[in-house]
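Below is one structure, written out as structure tokens, with a few remarks after it.
The values are calculated or read from the model by the stated rules, or taken from the named source; none is laboratory data. Source: prediction; values computed, not measured. FYI the Cβ positions are ideal-geometry reconstructions off the backbone, even for glycines, and counts take in every protein chain you see. What goes into the accessible areas is simple: the full protein's heavy atoms, side chains included, and nothing from ligands, DNA or RNA. Shrake-Rupley method; radii C 1.70, N 1.55, O 1.52, S 1.80 Å.
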Amino acid sequence: MAEAHDILMIKANVEPDTPAIRGYDFNKGLDLQALLDSMLTTGFQATSFGQAVEEVNRMINWRLSDDPVTDDTPEKFRDPKFRASVRTKIFLGYTSNMSSAGTREHIRYLVQNKMVDVIVTTAGGVEEDFIKCLGDTYIGDFHLKGEDLRKQGLNRIGNMVIPNTNYCRFEEWIMPILEDMYREQEENGVNWTPSKMIHRLGREMGREDCIAYWAWKNNIPIFSPALTDGSIGDMLMFHSLKRPGLRLDLVEDVRLIDETVMHCAPAKTGMILVGGGVAKHHICNANLLRNGADFAVYINTAQEFDGSDSGARPDEAISWGKIALHAKPVKVYADATLILPLLIAQTFYKNFKPKDA
């Protein structure tokens, strides 16, 4: 008969400094900071969240002065003051539902305070930001009947609803701007790109609750390679029926984001990717051109079994050279409306030092 130790493989191989699983003890009262800190040792996605907090804090706290000067370090990169000023260039990607939801205010906070350097989003991520300046989005329900909503002039995004009148206001607002853009293209030779257009619209909106306004004001580019995939595309099409010829140059924009990555040395790059699709891959693909980002956090609920890029884990990106070999990337499988505000509270809000400080 087999001995118990043969069946159970009794052998202690746990490293001495491995954290033990411990959840928050409510008998000690309600301490929200301690509760958030305890996520790291709670297990499952709570632990992934805690690891994401650590990765983002590494991202925002890194300075070139943390790395040693070697014989190969160029002379221009040796000055201690210069080295202390060089920080991670942070790329933020997010999908359109993040602008539709209250996470829009969280993203606006990051952009307003110059906490991120480059943004990539979808058409909806752009236009929903503007549309919410013109009319409210409301709480609904995941189970509202589509036929009934259609008859009421309401559009459902998950458990939120948007009145069709908001899109009518958007059309009334944007069409004169498109006409001005066309005139500037024809008379002044302006070569419009999606990022230039988004900055122009942000300037025109001029509201402090608008992500794109702060991106324009702080000169943070917003790239949207699929900008025509939504209401903005409809508006461009409608404008072309009356006055054909307004152009958006995608190649100039892809060159700009790629050169931003290629020329950012000696800085490191970090990626915070909220959701999947083009917003995720456009940033990853750009970072391939420098053999990968140094820091990376993914937040999405997609799985990898179907081979989609949205569901691909960070390890797949490492195989492509989109995340560096030395990186310690983290993926959190969770709804970003839960995770993003908590992540910002534990990282940017607490630890980000102003760039002009």
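Can you confirm whether the stretch 274-293 contains a residue that is closer than 17 Å to Arg87 by Cα, assigned to a helix (DSSP H, G or I) and either in contact with a Cys (Cβ under 7 Å, 6 or more places away or on another chain) or in contact (Cβ under 8 Å) with a residue 60 or more places away in the chain (or both)? Write out each step before concluding.
Going through the stretch 274-293, the residues closer than 17 Å to Arg87 by Cα turn out to be 287, 290, 292-293.
Then drop every residue that is not assigned to a helix (DSSP H, G or I), which leaves 287, 290.
Next, only the ones that are either in contact with a Cys (Cβ under 7 Å, 6 or more places away or on another chain) or in contact (Cβ under 8 Å) with a residue 60 or more places away in the chain (or both) stay: 287.
Within the stretch 274-293, one or more residues are closer than 17 Å to Arg87 by Cα, assigned to a helix (DSSP H, G or I) and either in contact with a Cys (Cβ under 7 Å, 6 or more places away or on another chain) or in contact (Cβ under 8 Å) with a residue 60 or more places away in the chain (or both).
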Check: Has the stretch 328-339 got any residue that is surrounded by 15 or more Cβ atoms within 10 Å (Cβ to Cβ), closer than 14 Å to Ser48 by Cα and free of Cβ contacts under 8 Å to residues at least 24 places away in the same chain?
Finding: no
Next item on the list: Report the residue count in the stretch 135-167 for those that are more than 28 Å from the chain's Cα centre (by Cα) and assigned to a helix (DSSP H, G or I).
Entry: 8
Margin query: Could you tell me how many of the residues in the stretch 70-102 are outside any helix (DSSP H, G or I), without any contact (Cβ under 8 Å) to a residue 12 or more places away in the chain and open to solvent by 40 Å² or more (accessible area, probe 1.4 Å)?
Written below: 6
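Considering Ala317, Ala334, Ala345, Ala327, which residue is in contact with a Leu (Cβ under 9 Å, 6 or more places away or on another chain), closer than 15 Å to Leu273 by Cβ, of a type in the set (Gly, Ala, Ser) and at pLDDT 95 or above? Reasoning before the result, please.
On the way: Ala334 fails: in contact with a Leu (Cβ under 9 Å, 6 or more places away or on another chain); Ala345 fails: closer than 15 Å to Leu273 by Cβ; Ala327 fails: in contact with a Leu (Cβ under 9 Å, 6 or more places away or on another chain).
Unique residue meeting the criteria: Ala317.
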Margin query: Can you pull out every residue in the stretch 26-62 that is of a type in the set (Asp, Glu), surrounded by fewer than 17 Cβ atoms within 10 Å (Cβ to Cβ) and in a helix (DSSP H, G or I)?
Written below: Asp37, Glu54
Item checked: Which numbered condition Leu325 fails, given (1) exposed (fewer than 15 other Cβ atoms within 10 Å of the Cβ); (2) farther than 22 Å from Arg58 by Cα; (3) touching a residue at least 24 places away in the same chain (Cβ under 8 Å) -> (2)
Item checked: Matching residues, the stretch 272-299, being more than 10 Å from the chain's Cα centre (by Cα) and hydrophobic (A, V, I, L, M, F, W, C) -> Val278, Cys284, Ala286, Leu288, Leu289, Ala293, Phe295, Ala296
Notebook entry, point to check: Which one is farthest from Met115 (Cα to Cα), of the residues in the stretch 201-247 that are in a loop (DSSP other than H, G, I, E, B) and touching a His at 6+ places or on another chain (Cβ under 8 Å)?
Noted result: Leu246
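Is it the case that Leu178 is touching a His at 6+ places or on another chain (Cβ under 8 Å) and farther than 19 Å from Thr95 by Cα? Explain how you work it out, then say what you get.
Working: touching a His at 6+ places or on another chain (Cβ under 8 Å): yes; farther than 19 Å from Thr95 by Cα: yes.
Yes.
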